[in-house]
Amino acid sequence: MLEPLLDRIEVINVPAYLPVEKMNIAKNYLVPKFDEEYGFGLKEENNSNEVINLTDAAIMDIVNSYCGNEAGVRKLRKCIDRIFRKIVAKLEMNKTENLGEPVENTADIGYHLHEEA
């Protein structure tokens, strides 16, 4: 049924992003976007010392563990968004409990990330 049509068109295969490309997309576009969206990138309005710093190793771990079999970056965007939401929730919980301690140990966020995926 499609044979006559296939003779007249050219099929272009588009490969999926490589893990290194996904890491660069996350580092250069997604993380700064969520920094701004959640208010961490605004130096003027951010009175506290709260900064989110995702290392290359952390981003690569997210890519390999949670988004490795995906061709695009939609799931990667969701994973990074989920990390930012978890950190914001922990910061807000610390503020309401008046602990005043910064959130430094975020090792359990990977567990929650896997739990919701």
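The values are calculated or read from the model by the stated rules, or taken from the named source; none is laboratory data. In this text, all values refer to a predicted model and were calculated from it rather than measured experimentally. Glycine also receives a Cβ, built like all others from the backbone with ideal geometry; neighbour counts cover every protein chain displayed.
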Notebook entry, point to check: Limited to the range 7-26, what total is found for residues that are loosely packed, with under 10 Cβ neighbours inside 10 Å and not polar (S, T, N, Q)?
Noted result: 8
Notebook entry, point to check: If the Cβ limit is 8 Å and pairs must be 6+ apart or interchain, which residue in the range 64-87 that is in contact (Cβ under 8 Å) with a residue 60 or more places away in the chain pairs with which residue that is surrounded by 15 or more Cβ atoms within 10 Å (Cβ to Cβ) and not in a loop (DSSP other than H, G, I, E, B)?
Noted result: none
Notebook entry, point to check: Only one residue in ASN94, ASN98 is more than 20 Å from ALA57 (Cβ to Cβ) and at pLDDT below 70, so which one is that?
Noted result: ASN98
Checklist line | Pairs, first in a loop (DSSP other than H, G, I, E, B) and at pLDDT below 90 in the range 20-41, second surrounded by 13 or more Cβ atoms within 10 Å (Cβ to Cβ) and charged (D, E, K, R), C-beta under 7 Å, six or more apart | finding: PHE40/GLU50; GLY41/ASP35
Item checked: Single residue of the range 42-69 satisfying the filter (modelled with pLDDT of 85 or more and among the charged types (D, E, K, R)) that is farthest from LYS27 (Cα to Cα) -> ASP61
Next item on the list: For the range 60-71, enumerate the residues that are out of contact with any Lys or Arg (no Cβ under 6 Å at 6 or more places or on another chain) and not in a loop (DSSP other than H, G, I, E, B).
Entry: MET60, ASP61, ILE62, ASN64, SER65, TYR66
